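The values are calculated or read from the model by the stated rules, or taken from the named source; none is laboratory data. Computed from a predicted structure; not experimentally measured. Quick reminder, even Gly has a Cβ in these numbers, built from the backbone with ideal geometry, and neighbours come from all protein chains shown. The accessibility values were calculated without ligands, DNA or RNA, using every heavy atom of the protein model including side chains. Shrake-Rupley method; radii C 1.70, N 1.55, O 1.52, S 1.80 Å.
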Number of protein chains: 2
Amino acid sequence: MAQATEPPSGTRDFLAAEVRRREHAFASVRAAFERYGFDPLQTPAFERLDVLTGKYGDEGDKLIFKILRRGEHEASGEADLALRYDLTVPLARVVATHGNQLPMPYKRYALGSVWRADRPGRGRFREFTQCDLDTVGSSSPLADAETLLAIDDGLIALGVPEFRFGLNSRQALFGLLDAYRIPEQLSGRVLITLDKLDKLSPDAVIAELVERSLAEDTSAALVADLTSDDPDRVRKQLDATDRGRAGLAEVDRLLGLTATVTAGRVVFTPRMVRGLDYYTGPIFEVSAPGFAGSIASGGRYDGLVAALGGPDLPACGGSIGIERILSSQEDVGEDPPGLDVAVTVLAQESEPTLIELASRLRADGLRVGLYLGSSGKIAKQLKWANDQGARYALLLGPREYAEGVITVRDMRSGDQRQIGLAEAAAHLAEQMRAR
Amino acid sequence: MAQATEPPSGTRDFLAAEVRRREHAFASVRAAFERYGFDPLQTPAFERLDVLTGKYGDEGDKLIFKILRRGEHEASGEADLALRYDLTVPLARVVATHGNQLPMPYKRYALGSVWRADRPGRGRFREFTQCDLDTVGSSSPLADAETLLAIDDGLIALGVPEFRFGLNSRQALFGLLDAYRIPEQLSGRVLITLDKLDKLSPDAVIAELVERSLAEDTSAALVADLTSDDPDRVRKQLDATDRGRAGLAEVDRLLGLTATVTAGRVVFTPRMVRGLDYYTGPIFEVSAPGFAGSIASGGRYDGLVAALGGPDLPACGGSIGIERILSSQEDVGEDPPGLDVAVTVLAQESEPTLIELASRLRADGLRVGLYLGSSGKIAKQLKWANDQGARYALLLGPREYAEGVITVRDMRSGDQRQIGLAEAAAHLAEQMRAR
């Protein structure tokens, strides 16, 4: 029967501490993005099915959650809507819908749930939060630089230690292919293999290149240059081709724009590839100790908005893998904020007084809870106050009530102090401020 | 073609100003609920279909958005999941799932989207936000009082003017039926008709009562008492029956507990009915000038959690109609926050310097945007700064750059001032603080 009450496979209930931890992280990232002048955007949880299908490849299409038609059409078994699969297709639709209402360039961030019918697994969910920022309508390299810097600030705000940006450019990758005279028909396969230099040994990568029909000497030279400690070896190769020079210029401009702020965190990484049919300009990827794969990435994708059904506008953007970062911090979590003041209830006649006192404390911004159980015993109610993580407890017995005083108990030290009922609110507010 | 890019029928894209307005309202309500010691809860957007079906009546069931099975099962045309229809059924499921991890009583609030395949109309959406708070596991009248007070605080936080609570009790309604000796089989119809005293004239209500087989003299007496300016007339009737006395006691206890804090905003309203098969104790409903119907409501529903598939626990709670309140405030909205500082870009060699300066301003918490367009003309860039609602613009021409100075333009007064590049960040931060 347990299964019957679990949330659906691959989804999660977030209880108080987890909601607070996540919202705190989301707020930090939002604040960082806002400082860069990005605007928030929220789109519906579902889109028309035809807006989504065909945008994510055959494998992606299979993972779309489709919504059954309703009413008389339900019996058809057909779907007309679908849960959003990412935040990029909705962005393209919004630019198409609201184009003339939007500032241009349109700088937007979005933090929201997406849904994918993936096989659930460790750290892989069917409902998870994506964190995107994009600039639509600017070709300026400053837009690329600002994307990278906003992601940088977002990662700092999230408390990710020692992360690094790998920076490359689509043009530089073409230049690499040109420099080593790699036949056009092999280029895709070669690049995909080179991208594995992160995980595989150089020899293993050479072997895979050869297996994919690249000449052995070319494979060896390419891998040797790309894994060399001397970055000038690749630079020299790129500098010898038109596309390579264009790519280097792109990379160097971005390095120049971001160098002071990022203090060495951005490194030209000529072997880094990323989605070939997606990016058109600079590309970046962020790695950090303790994370396999990247925790953020992005780049320029001038053709994408049009390909996704929007107008033909240049664009660049990036995404922070916020769920991965949150998972890695699960153990770090602070205690959930308990009550500032727990109000015990020892006599029915004093209840209106306690409610009024609670109201005054709340007006001061304190978090106040009243005992809602059925026990009249002080010990039980103090245990409740303790379980609530309360800083102070208030005790108002019948005799105290008659005398117009109340007992304030410091829940850490156990010290108790009797004060006038009229002074209690001001006293507690001051105590809390003094902490 | 326009239709092809609109969001799905009954859903909305929220652009920047609207997101900010909504998030600001949500944050105010959350803060109010937190002060009462309620904890946040977030559940998945969808539940297993069997968790939802049969919980909302036949009409409700038809409005559930169902999600098609996936993979090889897609062709079956069957659904296995469904978008959540409210926040109450997920709460009951959570109490069933996580019962022993939850504090008892469990006080939670939830602000989240729900989806209903209703016919979209003015102010009626298929995706909208609900705002609920509930206390599960307490029979204490203090829990009812705190529910009402938290809703009261939430409405104040939302800036709703002159609202009033109508308060009644399920027991008092039974007492009313007893006092006028209304036959059991008529009771439901009579109560539903009495609830219309808000909208219909007393005569119209009497006519409807008679039409529903209630004797004419009984109908007239009942309506006369319920519409009398003298509340003691109904009180006297209730006092003459067991259930009426129990109901009055419930109402008076709540009035007593909340009187000081709510300063006359809570009024005993014996004709107020609300969902009969739902509530078991006190019930309330909030009205305000300018709103037809209620903007918040709630009460005690001790049987509900069990009926919805959770354990058998007493519960009470309430809900704020936050979408209605937000709609009514649409015209009130402040201007969206523009940039604090707009940085114009007049010479490529100064770009790294401008980015570094922007970074320092952002570290001070300012919202800073760089010009990302293609025009090199000052006038065009200042127009952009103006469109962004920028408070200040920075201008760094080639000669100024060479001299190590920068021009700060006050976008409201048009005053310009040249200062040293090294002092610019501190100067602007101070200007902004001084505002």
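Kindly express, to the nearest 10 degrees and within the range 0 to 90, the angle between helix A:216-227's C-alpha long axis and the longest C-alpha principal axis of chain A.
40
Within the stretch A:358-394, name every residue whose backbone N is under 11 Å away from a label modeled 7 Å from Cα of residue A:407 along the Cβ vector.
Residues passing the 11 Å test: A:378-379, A:382, A:394.
Spelling out what I want: for every residue of the stretch A:26-41, take phi, set θ = phi - 60°, compute 6.51 cos²θ - 1.76 cosθ + 1.60 (Karplus), and round to whole Hz; glycine and proline get x.
The phi angles translate into 4, 5, 4, 5, 4, 4, 4, 5, 4, 4, 8, x, 7, 9, x, 9 Hz.
Whose amide H sits under 5 Å from the amide H of residue B:343, counting only residues 5 or more places off or on another chain, with H placed in the peptide plane?
Correct list: B:369, B:370, B:371, B:394.
How large is ³J(HN,Hα) for each residue in the stretch B:381-394, as worked out from phi by the Karplus curve 6.51 cos²θ - 1.76 cosθ + 1.60 (θ = phi - 60°), to whole Hz, x for Gly and Pro?
5, 5, 4, 4, 4, 5, 4, 7, x, 5, 7, 10, 10, 10
Taking the Cβ of residue A:107 as the center, what net charge do the other residues with Cβ under 9 Å away carry, scoring Lys and Arg +1 and Asp and Glu -1?
Within the 9 Å Cβ shell, the charges total -2.
Any idea which of B:17, A:263, B:46 is furthest toward the positive side of the dipole for the protein assembly as shown, if Lys and Arg beta-carbons carry +1 and Asp and Glu beta-carbons -1?
A:263
Residue A:76: accessible area at probe 1.4 Å, nearest 10 Å²?
About 60 Å², ignoring ligands and nucleic acids.
For labels at residue A:233 and residue B:277 in the simple 7 Å Cα→Cβ model, what's the distance in nm?
7.8
Given R₀ = 45 Å, FRET efficiency for residue B:215-residue B:164 by Cβ-Cβ distance, to 0.05?
The formula returns an efficiency of 0.85 here.
Provide the descending list of Cα extents for chain B along its principal axes, expressed in whole angstroms.
Computed over the Cα atoms, the extents are 95, 62, 48 Å.
Take the alpha carbon gyration tensor of the stretch B:341-434, find the square roots of its eigenvalues, order them as a ≥ b ≥ c, and report rounded if a/c is under 1.5; if not, report prolate when a/b exceeds b/c, else oblate.
In terms of gyration-tensor shape, rounded.
Please tell me the relative contact order of the stretch B:279-424 in percent, rounded to the nearest whole number, where contacts are Cα pairs under 8 Å and at least six residues apart.
Relative contact order of the stretch B:279-424: 16 percent.
Cα centroids of the stretch A:361-402 and the stretch A:264-311: how far apart, whole angstrom?
Taking the Cα centre of the stretch A:264-311 as reference, the centre of the stretch A:361-402 is 54 Å away.
Which percentage, to the nearest 5, of the DSSP beta bridges contained in the stretch B:341-434 is antiparallel?
Taking every DSSP beta bridge within the stretch B:341-434, about 60 percent pair in antiparallel fashion.
Shielding of A:66-72 by partners, i.e. mean partner chain Cβ atoms within 10 Å per residue?
Per-residue shielding by partner chains comes out at 6.
Evaluate the distance, in nm, between pseudo-label points positioned 7 Å from the Cα of residue A:426 and of residue A:329 along their respective Cα→Cβ axes.
If labels sit at residue A:426 and residue A:329, their model points lie 4.1 nm apart.
Just to confirm a number: summing +1 for Lys and Arg and -1 for Asp and Glu over residues other than residue B:226 whose beta-carbon lies under 12 angstrom from that of residue B:226, what do you get?
Spelling it out: positives minus negatives among the neighbours equals -1.
Rounded to the nearest 500, what is chain B's calculated 222 nm mean residue ellipticity when only DSSP H runs of at least 4 contribute -39500 (n - 2.57) each, over all residues?
-12500 deg cm²/dmol
Magnitude of the Cβ-charge dipole of the protein assembly as shown, K/R +1 and D/E -1, about the Cα centre, nearest 20 debye?
The dipole of the protein assembly as shown has a size of about 560 debye.
Using DSSP, restrict attention to beta bridges with both residues in chain B and report what percent are antiparallel, rounded to the nearest 5.
Antiparallel bridges make up about 80 percent of those DSSP assigns within chain B.
Picking from B:308, B:33, B:296, whose Cα lies most toward the positive end of the charge dipole for the stretch B:2-328 (charges on Cβ: Lys, Arg +1; Asp, Glu -1)?
About the Cα centre, the residue reaching furthest to the positive side is B:33.
Where the only charges are on Cβ atoms (+1 Lys, Arg; -1 Asp, Glu), what is the dipole of the stretch B:235-352 about its Cα centre, to the nearest 20 debye?
Roughly 1240 debye, rounded to the nearest 20.
Which net charge results for the neighbourhood of residue A:302, defined as the other residues with beta-carbon distances under 14 angstrom from its beta-carbon, given Lys and Arg at +1 and Asp and Glu at -1?
-3
Hey, how many Å between the Cα centroid of the stretch A:101-141 and the Cα centroid of the stretch B:97-144?
First find each Cα centre; the distance between them is then 28 Å.
Explain nothing, just the number: relative contact order of chain A, from Cα pairs under 8 Å at least 6 residues apart, as a whole percent.
Reported relative contact order: 15 percent.
With a ≥ b ≥ c taken as the square roots of the eigenvalues of the C-alpha gyration tensor of the stretch B:217-262, please select rounded if a/c is under 1.5 and otherwise prolate if a/b is larger than b/c or oblate if it is not?
oblate
Quick one: Karplus J couplings for the stretch A:86-99, per residue in order, coefficients 6.51, -1.76, 1.60, θ = phi - 60°, nearest Hz, x for Gly and Pro?
Working through the residues one at a time gives 7, 9, 8, 4, x, 4, 4, 5, 5, 5, 5, 6, 10, x Hz.
In the full protein assembly as shown, how much of residue A:427 is accessible to a 1.4 Å probe, in Å² to the nearest 10?
Accessible surface of residue A:427 is approximately 40 Å².
Find, among the trypsin sites (Lys or Arg not before Pro) in the stretch B:352-408, those assigned to loop by DSSP (not H, G, I, E, B) with at most 16 other beta-carbon atoms within 10 angstrom.
Listed in order of number, the matching sites are B:377.
Please compute the contact order of the stretch B:341-434 in relative form: average sequence separation of alpha-carbon pairs under 8 Å and at least six residues apart, divided by the residue count, as a percent.
30
Using a Förster radius of 25 Å, what is the FRET efficiency between residue B:386 and residue B:347 based on their Cβ-Cβ separation? Nearest 0.05, please.
Given R0 = 25 Å and the Cβ-Cβ separation, E is 0.75.
Give me Rg/Rg_expected for the stretch A:73-198, where Rg uses Cα atoms only and Rg_expected = 2.2 N^0.38 Å with N residues.
The stretch A:73-198 yields a ratio of 1.42.
Count neighbours as other Cβ atoms within 10 Å of each site's Cβ, and list the trypsin sites (Lys or Arg not before Pro) in the stretch B:140-190 that are DSSP loop with at most 12 such neighbours.
Qualifying residues, ordered by number: B:181.
Quick one: label points 7 angstrom along Cα→Cβ at residue A:242, distances to the other copies in nm, smallest first?
9.8
Under the classification rounded if a/c is under 1.5, otherwise prolate if a/b is larger than b/c and oblate if not, where does the protein assembly as shown fall, given a ≥ b ≥ c as square roots of the Cα gyration tensor eigenvalues?
Verdict is prolate for the protein assembly as shown.
Which chain A residue hugs the A-B rotation axis most tightly by its Cβ, and what is that distance in angstrom, to the nearest whole number?
Smallest Cβ distance to the axis, with its residue: A:77, 1.
With a 1.4 Å probe and all protein chains kept in place, how much accessible area does residue B:395 have, in Å² rounded to the nearest 10?
About 10 Å², rounded to the nearest 10.
Explain nothing, just the number: dipole magnitude of the stretch A:7-137 about its Cα centre with +1 on each Lys and Arg Cβ and -1 on each Asp and Glu Cβ, in debye rounded to the nearest 20.
So the magnitude is around 460 debye.
What percentages, rounded to whole numbers, describe P(r) for the stretch A:192-277 computed over all alpha carbon pairs with 5 Å bin width beginning at zero?
Histogram of Cα-Cα distances, whole percents per bin: 3, 13, 20, 22, 21, 13, 5, 2, 1.
Roughly what would the spin-label model give for residue B:259 and residue A:119, points 7 Å off Cα along C-beta, in nm?
Each label point lies 7 Å from its Cα, and together they span 6.7 nm.
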